[in-house]
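Report on the following structure.
The values are calculated or read from the model by the stated rules, or taken from the named source; none is laboratory data. This structure is a prediction, so every number in the text was calculated from the model and none was measured. Cβ placement follows ideal geometry from the backbone for every residue including glycine, while neighbour counts extend to all protein chains displayed.
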Amino acid sequence: MERIKVYTARRIRTMDPGRPTATAIAIAEGRIVSVGTLASMQPWLRRVAHDIDDQFKGDVLLPGFIDPHTHLRMSGTYMGLHYVGPITSHGPDGPVDGLPSREAVLGRLRELVDE
């Protein structure tokens with residue numbers, strides 16, 4: 001890696017229970033290489049040329065998440081319905097397994113009708 005770009009922020013939500021928040025994130029070649037503080041990144045920053053970008057210093061970042069838009073009202077409505085999609089999803093009580101075939105979907109629908 002030739003150069004690292006470090007973004008600082010008021011807070012970075014990492015989704016890592018061992019380090020749930022940070023204040024800096026280092027990116028190289030389109031990938032996250034370190035998350036923590038500027039002090040914790042010094043081993044990287046001493047070895048690799050870098051730029052520090054403070055454009056997000058007052059913001060909260062969620063690295064790795066790409067959410068082009070949300071439909072909160074629709075999402076709230078869907079949470080009260082039974083999920084019968086092909087991939088694992090999340091419901092109000094936790095993960096809901098996806099149904100791999102047409103037959104599985106029809107079987108689940110029959111179960112729901114019977115309930």
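Do you know which of the residues in region 1-19 that are touching a Lys or Arg at 6+ places or on another chain (Cβ under 7 Å) and not charged (D, E, K, R) is nearest to Leu45 (Cα to Cα)? Talk me through it step by step, then tell me what you get.
So the first thing to find is which residues in region 1-19 are touching a Lys or Arg at 6+ places or on another chain (Cβ under 7 Å), and the list is 8-10.
So of that shortlist, the ones also not charged (D, E, K, R) come out as 8-9.
Details: Thr8: 14, Ala9: 17 Å.
Checked region 1-19; the qualifying residue nearest to Leu45 (Cα to Cα) is Thr8.
Need the failing condition index for Ser89 against (1) at pLDDT 80 or above; (2) hydroxyl-bearing (Ser, Thr, Tyr); (3) more than 20 Å from Met15 (Cβ to Cβ), just the number.
(3)
Residues in region 26-57 that are under 15 Å from the mean Cα position of the chain (by Cα) and within 16 Å of Met1 (Cα to Cα): how many?
Qualifying residue count, region 26-57: 2.
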